[in-house]
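Below is one structure; the comments refer to it alone.
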Amino acid sequence: MKIIDRYFTKQLLGVFVMLLLVLTGLAWMVQIISMMKFLMNYGVNLGSFLGLTTMMIPFIISIILPFVIFIAVLFVYNKMISDNEVTVWVASGCAPKRIARPALVFAGLLTCAHLVLNLWIVPATQALFYDTQWNLRYGLAHLKLQEASFTEMANGLVVYVDKVSGHSLKQLMLSDTRKESSQMVVFAKQGELVTTVRGLSIVMSDGSLLAQGNGAITGTFDSFDMDLSISEKNSENAFRVRRLSTPTLVRALFEPLGAKQHKNVARELCSRFLGPIMNFILVALCCLILLRSSLLRRRTSFAPALAVAAMSVAMASFMSVSNMLTGGTDLLLLSGGVFFVMCFIMVLLLKK
């Protein structure tokens, strides 16, 4: 029997690794294409750009793992059924549950690895991704202000600089029309780009300004600190649950946050804790359909199509319900439902 386990495991591992590399590579290429603006608009060098996109690979793997293991099991077991290998083993006394054991063990190990990936690796890499993305987009080392030209730093925020020397600016003009109630134009002989806790700022000296709100205001200044407000770190939209650590997310579930944020937290916790269990459920479901149908000994079997349909229904149901979560109670109910489905499929599979 150990020979059968090694044989199945070798076949599964080979197909799984090949599919994982191909699908991860394709998803990574799509990510690279979608982020080409960093190369074109922000003057980011190729090495930094590839490093940024590489940080998305753990998240990509965490998303595609259930589909990869399902396709691998479907391909390997259906091929062995078509070649009558499974029929011979069943005829020699092997029960379907015994033939399914290599796939279930492989799925169990993959589920544990997926949990580690979701709970620790993905949050850490996502936090690094968003921080690096912000630094590449707004960081002083990569901010390219062209001399004697107008540079749009954000929508409605335009800066003209006559001469740039590092972070020092000379003969600059700044137009800020982002808010209709407080538009302004600033002229200054000198300026300095600095980073503060608020984000990116320009400290200007020896200049004048024209502000327009309830009325027009003109004046001169010796020093003027202009907050560019292009940092997203302190905005409500920056509540990115994927970058938060798992303990922080669990605590956030019981904190007085907004309804939308509670929903995002519950959905992310569902993805981190219950998503990996879908690896085991999909593999068990695939083995159940393929192996039970192989006992019917029909020349034409619709088992692969039925297994794909069952996988689609299972994943669609899981994702739909997870998107409707509103808090910790809903998350616990869904957890109970997922474990019930897993136990139900295992009872059917292990049934003689």
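Side notes on the structure shown:
- Residues 163, 2, arranged from fewest to most other Cβ atoms within 10 angstrom of their Cβ, appear as 2, 163.
- Debye intensity ratio in log₁₀ form over the Cα atoms of region 149-227, taken at each q of 0.12, 0.17, 0.21 Å⁻¹: -0.31, -0.64, -0.99
- The helix-based estimate of mean residue ellipticity at 222 nm for the chain, built from -39,500 (n - 2.57) per DSSP H run of four or more residues and divided by its residue count, is -19000 deg cm²/dmol to the nearest 500.
- FRET E, pair residue 245, residue 149, Förster distance 45 Å, beta-carbon r, rounded to 0.05: 0.55
- Contact order relative to length of region 1-156, as percent, for alpha carbon pairs under 8 angstrom and 6 or more apart: 36
- Cα-derived Rg over Rh, computed across the chain with Rh taken as Kirkwood radius: 1.16
- Listed values for region 255-267 are Karplus-derived 3J(HN,Hα) couplings in whole Hz (6.51 cos²θ - 1.76 cosθ + 1.60, θ = phi - 60°), namely 9, x, 9, x, 4, 5, 5, 4, 5, 5, 5, 4, 5, and x replaces Gly and Pro.
- Under the Karplus curve 6.51 cos²θ - 1.76 cosθ + 1.60, θ = phi - 60°, whole-Hz ³J(HN,Hα) for region 279-292, x wherever Gly or Pro sits: 4, 5, 5, 5, 5, 4, 5, 5, 5, 4, 5, 5, 6, 5
- Per-residue 3J(HN,Hα) values for region 209-218, derived from phi via the Karplus relation 6.51 cos²θ - 1.76 cosθ + 1.60 with θ = phi - 60°, read 9, 10, 10, 9, x, 5, x, 7, 10, 10 Hz in sequence order (x marks Gly and Pro).
- Per-residue packing, averaged as other Cβ atoms within 10 Å, sorts the ranges 340-351, 102-113, 247-258 into the order 102-113, 340-351, 247-258, beginning with the highest.
- Relative contact order [Cα under 8 Å, 6+ residues apart], the chain, whole percent: 17
- With neighbours defined as other Cβ atoms within 10 Å of a residue's Cβ, the residues 167, 262, 114 order from fewest to most as 167, 262, 114.
- Counted by Cβ distance under 14 Å from residue 274, the other residues give a net charge of 0, where Lys and Arg count +1 and Asp and Glu count -1.
- Length gained when the stretch residue 135-residue 205 is fully extended (0.36 nm per residue, less Cα-Cα span): 22.6 nm
- Going from the fewest other Cβ atoms within 10 Å to the most, the residues 240, 101 appear in the order 240, 101.
- For region 253-268, the residues whose backbone nitrogen is under 18 Å from a point 7 Å from the Cα of residue 323, taken along Cα to Cβ, are 260-268.
No value in this document is a laboratory result; all are computed from the given coordinates. Owing to the predicted nature of the structure, the values given are computational and were not obtained by experimental measurement. Cβ: placed from backbone, ideal geometry, glycine included. Neighbour counts: every protein chain shown.
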